[in-house]
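The values are calculated or read from the model by the stated rules, or taken from the named source; none is laboratory data. These numbers come from a predicted model, not from an experiment. Here Cβ is always computed from backbone atoms with ideal geometry, including for glycine, and neighbour counts include all displayed protein chains. When the accessible area is computed, the model is the full protein with side chains, heavy atoms only, and any ligands, DNA or RNA have been set aside. Shrake-Rupley method; radii C 1.70, N 1.55, O 1.52, S 1.80 Å.
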Amino acid sequence: MRLAKILTGTALVCVLASPALADKMTLKFGHVGKPGSLFETSVNAFAACSNKALGDAAEVQVFGSSQLGKDKELLQKLKLGQVHFSLPSSVMSSVADEFGVFEMPYIIQNRDHMRRVQAELMESTFQKAAQAKGYRIIGLFENGFRNITNNTRPIDKPEDLAGVKLRTPNGAWRVKMFKLYGANPTPMAFSEVFTALQTKVIDGQENPYAQIWSAKFQEVQKYLSITGHVYTPAYVLVSEKHFAKLPQNVQDALTQCGRETQDFVYEEAARLETDLLQKLKDGGIQVNTADKAAFVEASKPIYDEFATSVDGGKDLIDTVLRLAEGS
């Protein structure tokens with residue numbers, strides 16, 4: 001019996017050390033999404049598609065909940081080759097100015113509009129901007145339409161945000177927007193938000209329902225105001241330099257799965273918008289629908305600033321708005 005165990009153990013070691021398995025690449029995908037978030041579901045779908053396509057060539061392993069770092073750390077780790085993929089959203093506006101167009105309030109109407117923007121501008125504008133900074137986008141997912149939660153009061157019009165200490169992502173335009181509305185915006189990593197809300201360091205935050213629900217913000221927030229003020233795409237991002245070193249068949253499989261997973265992400269996001277809003281209501285958070293027209297009216301100065309301060313900003317805004325026709 002002992003000999004059988006030893007032989008079994010030896011055989012196992014030989015299998016684990018076999019060239020076929022030893023040569024299998026491990027590709028790490030880090031993201032900030034919590035369990036149950038749209039980010040987690042999206043990245044898991046991408047990984048499943050990739051691993052099926054890659055077979056024994058490579059394996060995509062997923063690390064959520066900021067295990068491999070917060071958004072800015074992940075961007076740096078991509079450059080260093082310590083992480084192979086990340087899923088940034090709002091933070092991309094700090095990488096290249098062009099991504100700031102998605103920070104303009106209410107500029108994206110719906111997912112069909114986003115698809116038209118993607119078709120016309122992804123390669124010529126956003127991919128080009130990412131590559132200039134050493135990155136490459138191999139898939140377009142989403143974070144979704146963002147809404148405001150807080151413990152001070154229901155937010156119906158911009159003036160209701162006066163004095164509210166509101167967490168924002170690390171992006172200059174989101175800070176500018178909420179200052180314009182009268183809030184006191186505080187950039188903060190997503191992983192730190194729950195504790196900051198719980199300890200009353202901040203009064204509120206803004207995120208899509210999937211992020212609110214999965215991070216359990218409803219447990220430490222009284223009010224949810226449906227503003228839908230910004231739609232944030234999310235980008236399956238790689239390092240241009242390190243991605244180019246992968247075998248061509250691996251690059252092709254990953255890029256194909258980036259494209260194929262987008263439909264699933266959009267369908268799942270639309271489903272969550274309905275399901276999670278009801279769950280949030282059932283959980284006891286007080287929900288109101290904000291006066292979007294008032295927010296749109298208050299947002300004009302930030303469009304003007306983007307148009308004048310970003311090279312090509314006016315043309316970019318005009319193009320995105322033109323592509324909204326038919327939405």
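Considering only the stretch 110-124, state which residues are among the charged types (D, E, K, R) and over 12 Å from Y266 (Cα atoms).
Narrowing the stretch 110-124 to residues among the charged types (D, E, K, R): 111-112, 115-116, 120, 123.
Within the stretch 110-124, R116, E120, E123 meet the criteria.
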Notebook entry, point to check: Which one of the conditions (1) in a helix (DSSP H, G or I); (2) of a type in the set (S, T, N, Q); (3) buried (at least 19 other Cβ atoms within 10 Å of the Cβ) does T319 fail to meet, given that it meets all the rest?
Noted result: (3)
Check: How many residues, within the stretch 74-95, are in a helix (DSSP H, G or I) and open to solvent by 30 Å² or more (accessible area, probe 1.4 Å)?
Finding: 5
Next item on the list: Please indicate, with yes or no, whether at least one residue in the stretch 3-13 is open to solvent by 60 Å² or more (accessible area, probe 1.4 Å) and modelled with pLDDT of 95 or more.
Entry: no
Note to self: I'd like the full set of residues that are of a type in the set (D, E, K, R), closer than 15 Å to G258 by Cα and buried (at least 16 other Cβ atoms within 10 Å of the Cβ), limited to the stretch 116-148.
What the structure shows: R136, E142
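Got a sec? Which of F264, F306 is of a type in the set (F, W, Y) and either in contact with a strand residue (DSSP E or B) (Cβ under 8 Å, 6 or more places away or on another chain) or open to solvent by 60 Å² or more (accessible area, probe 1.4 Å) (or both)?
That would be F264, the only listed residue that is of a type in the set (F, W, Y) and either in contact with a strand residue (DSSP E or B) (Cβ under 8 Å, 6 or more places away or on another chain) or open to solvent by 60 Å² or more (accessible area, probe 1.4 Å) (or both).
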Next item on the list: Just one of (1) open to solvent by less than 40 Å² (accessible area, probe 1.4 Å); (2) within 19 Å of G258 (Cα to Cα); (3) outside any helix (DSSP H, G or I) trips up P105, so point out which.
Entry: (2)
Notebook entry, point to check: So which of Y181, Y135, Y106 is at positive phi and of a type in the set (S, T, Y)?
Noted result: Y106
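State all residues of the stretch 41-73 that are hydrophobic (A, V, I, L, M, F, W, C) and either open to solvent by 20 Å² or more (accessible area, probe 1.4 Å) or in contact with a Lys or Arg (Cβ under 7 Å, 6 or more places away or on another chain) (or both); if no residue qualifies, say none.
Quick first cut of the stretch 41-73, residues hydrophobic (A, V, I, L, M, F, W, C) only: 43, 45-49, 53-54, 57-58, 60, 62-63, 68.
Within the stretch 41-73, A45, A48, C49, A53, A57, A58, V62, F63, L68 qualify.
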